[in-house]
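The values are calculated or read from the model by the stated rules, or taken from the named source; none is laboratory data. Keep in mind that what you see is a predicted model, and the values were worked out from it rather than measured. Here the Cβ is made from the backbone with ideal geometry for all residues, glycine too, and neighbour counts use every protein chain on show. For accessibility, only protein heavy atoms count, side chains too; no ligands or nucleic acids. Shrake-Rupley method; radii C 1.70, N 1.55, O 1.52, S 1.80 Å.
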Amino acid sequence: MANERTFLSWIRTSIAIMAFGFVVEKFIIPFDHNRIRGSQDLYDGCNCSLYFGVFVVFLGGIVGFLSTYRFLKTEREIMEDTYHPSFITDILVAIVLSSIGMLLAIYLINRC
């Protein structure tokens, strides 16, 4: 049961990451007031939010794939009574998410 709950929480995280990427891609550009007024800024001609949003959606898909792989691997190990905890996936996802947070912070700071 715990393996299924962990899998479902990873899937929920994957969906949240993809939703965040969608929000970044769809809703950051329309609220860019500098473009609406026609002034020049550093981001003219660059679809940074588009690329970042698509990248984050892609990462959410990868997290979903990795969670499915980990669930099946853990389930097989439990059935064979050879289960040993692995933290590599957890650490990898934490590094990716913290990198996304840092990139988003840099993006928002440079927009000011």
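Here are a few things to note about the model shown:
- Simple spin-label estimate for Tyr69 and Arg5 in nanometres, 7 Å along Cα-Cβ: 2.6
- Using a probe of 1.4 Å, the accessible surface attributed to Tyr107 totals some 40 Å² when neighbouring protein chains are kept in position.
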